Amino acid sequence: MIPQVDSHYCANCLENMPSSEARLKKNRCSSCFDCPSCFHTLSTRATLAQPRPAPEAGGGDAKVENKQPKKMYYLSCFNCRWTSRDVGIPDQPVASGGWPERSAPHAARVSQLLEHYRAVAQQEKQDKLERERKKFAIRGKYITLTDKTGLTGAVARSIAGLGDAGAGAALAGFAPAVPKEDVEGLPEDAFTKEVNLKQITSMPQRLASPEWQPVSVSRLHPLAKLLSVKRSQRCRACDHNLTKPEYNPGSIKFKIELLAYYHVPEVKIISCEMIKPGAKSTLLLKLANPTGHEMALQLLPAAPPPPPPHGETEAATEDKDDSIEKSLDKSLKLDKEPRWPHVEPPAILTRVTPPAVTLTLAPRDDAAEYDDDARHEPSHIILWRKSNKLALRLELTTDPAAVEGSPARTALTVEYSYRNTVPQSITASQNRDHTLYTTVYLDLGTVGSAGL
Amino acid sequence: MAHNIKILPGATVCEDCTLEGDITIGGGTVIHPRVTIIAEGGPIIIAEYCIIEEYSTIIHKKSDKQEDPPKPLFIGAHNVFEVGCRLESPCGHVGESNVFECKCFVGVNVKIGSGCVIGAACHLSAPQTLVDNTVVWGSEHHVREALEKQPSQLLQLDFLSKVMPNYHRLRKPNIHKRQPSSRQSLDSSPKP
């Protein structure tokens, strides 16, 4: 699965912005703030402030003039009760924005470094380009068009030893950092002065604002809220879009949503007896068919799925090879990320005795919940059956070697029929029904003691 | 247990709450329904302009080293006890302008200054003293110091004392102050 960033938005005010703008704003929202103390979102609170009469004007006139109360706003955290007044930020006359911005102490240096490295990168690119051109010039026997017509601007400049004017200037004006031998010593009372933990910021608080890294609580300033992204997911093998959210940040719907949840039968544990080493216990499972077609199910002992029947195999493998080759180029570009994290299947000491019956699950019907004719077919396996769901009783056998207290796990493979509803090309229309296999690992708590 | 409940004029005390023992409720205080206040270890005095919300419990616990006469539990003015909080205290004094947030628990031997906030679901059980303007918050009980006292809830109090009589049966004030203060209590009583 390849995640891709779709859009940037602020989780608090739901404003979305293009990625270039987000980069310019350092991926932070300009109007929302987080609490620097507990990282909860800050809320704006309003107070009615009586403008203070000037101290020298004690007369009645001044009072009449200033009687109109003014609405002033400050930021406050409902979680830890931090307020912007705590650190001496003056109240603002407008509800949003206008909060004083601090300039980072090293902002100039950082931008200088950025500029320098940009110049270096440009220079290197230029050099590489030139080298390539030289190589080409040596190899070429024929007069090229540029040779005939004279020189292009860039070549002329490089021959004259000018290079790129801008990059050269940036490189020249750069002062590298100078290492320093003697560092200021600790103050005398560093070890003797009592530390007031309420005055000192915690590590997370400091790291939340890397530009300032405030040491004392009184220097904590509201943090501009970090933007969130909406992401879509793409299949690594075939490049299909699997999920794609709607662009509007207020919407939680998807434009494309191909989740296994809508296609693979759902297996839920209803209840399970205590797993004991060397003993048998009963497991109740619920199976549900999420698709709109009838589904035939069979439970098999956990094993690698049997190879598909012959006719299908070749087509399938061919297809696979093709798509792998196609996707190989792309995945090479993607730094050869691991395709699927290879997980060792957990050790299974509890085995299921699968019933040798094929179960049929009715298609999902949203209206079915309104009619309640639960068809009871009392059998030793099926407990009950209701629209597209059924409950199963299975028998578990636990290995005597199972250690008490270790996690009890079991596995079984579900074989199910699946009808592909996505219209394929006309040639593929004959095999719309597939038999698919899924191995399910069930976590059944911990192994109890044998004596119990 | 002798029930001796004194409600001063201007207080809004709902009938549907459990008040046991010697309790004094100051003027302007609002006590919501389903509140439990038990003064088994000694009298409880609640000062003016407190808000005690639903399901909160204040107990003056009996202790082995009971003084004679028992020391009262004094709860200062402008305290807010939010829904479901619990205060068990045999030791004397809760300052003013504190906020006990929802579901918090303050055990015995916790002394509370003024302007403190005990955050939602915070559990203070070890013997300790909260100095003024301490804020305890979060599941890990972070502590920080606020610069100023919590703002008072006078607007909320005003609203509650106006609305409460419309929807709940109230206990009548049973103490009438002497002449000079009765005028003041009239001012603070809700306007119809």
Candidate set: region B:146-160, residues that are away from chain A (no Cβ under 14 Å) and over 16 Å from the mean Cα position of the chain (by Cα); chosen: the one surrounded by the most Cβ atoms within 10 Å (Cβ to Cβ):
B:D158
Name every residue in region A:111-131 that is of a type in the set (S, T, N, Q) and closer than 14 Å to A:A175 by Cα, in order of residue number.
A:S111, A:Q112
So which residues in region A:201-218 are surrounded by fewer than 16 Cβ atoms within 10 Å (Cβ to Cβ) and either free of Cβ contacts under 8 Å to residues at least 60 places away in the same chain or within 13 Å of A:C35 (Cα to Cα) (or both)?
A:S202, A:M203, A:P204, A:L207, A:P210, A:Q213, A:V215, A:S216
State which residue is farthest from the chain's Cα centre (by Cα) when the search covers only region B:1-17 and only residues that are assigned to a strand (DSSP E or B), under 17 Å from B:L73 (Cα atoms) and of a type outside the set (D, E, K, R).
B:N4
So in region A:1-27, with the set limited to residues that are charged (D, E, K, R) and surrounded by fewer than 16 Cβ atoms within 10 Å (Cβ to Cβ), which one is farthest from A:S209 (Cα to Cα)?
A:E15
At pLDDT 90 or above, crowded, with 18+ Cβ neighbours inside 10 Å and under 21 Å from B:E48 (Cβ atoms): is that true of B:V99 in this structure?
yes
Enumeration of residues in region A:220-259 that are part of a loop (DSSP other than H, G, I, E, B) and surrounded by 16 or more Cβ atoms within 10 Å (Cβ to Cβ):
A:L220, A:H221, A:P222, A:L227, A:R236, A:P249, A:L258
Hits in region A:196-223 (condition: in contact with a Ser or Thr (Cβ under 7 Å, 6 or more places away or on another chain), more than 14 Å from every other protein chain (Cβ to nearest Cβ) and of a type in the set (A, V, I, L, M)):
A:V215, A:L223
Tally of residues being among the acidic types (D, E) and modelled with pLDDT of 65 or more across region A:18-62:
2
For B:S152, indicate whether it is modelled with pLDDT of 85 or more, assigned to a loop (DSSP other than H, G, I, E, B) and among the polar types (S, T, N, Q).
no
Does A:L114 count as more than 30 Å from A:C29 (Cα to Cα) and modelled with pLDDT of 55 or more?
no
A:V87 vs (1) within 14 Å of another protein chain (Cβ to nearest Cβ); (2) at pLDDT 90 or above: all pass except (2)
Take A:K193 and decide whether it is within 14 Å of chain B (Cβ to nearest Cβ), assigned to a loop (DSSP other than H, G, I, E, B) and charged (D, E, K, R).
no
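The values are calculated or read from the model by the stated rules, or taken from the named source; none is laboratory data. Computed from a predicted model, the values in this text were never measured in an experiment. Because the Cβ atoms are built from the backbone with ideal geometry, glycine has one as well, and the counts that use them run over all protein chains shown.
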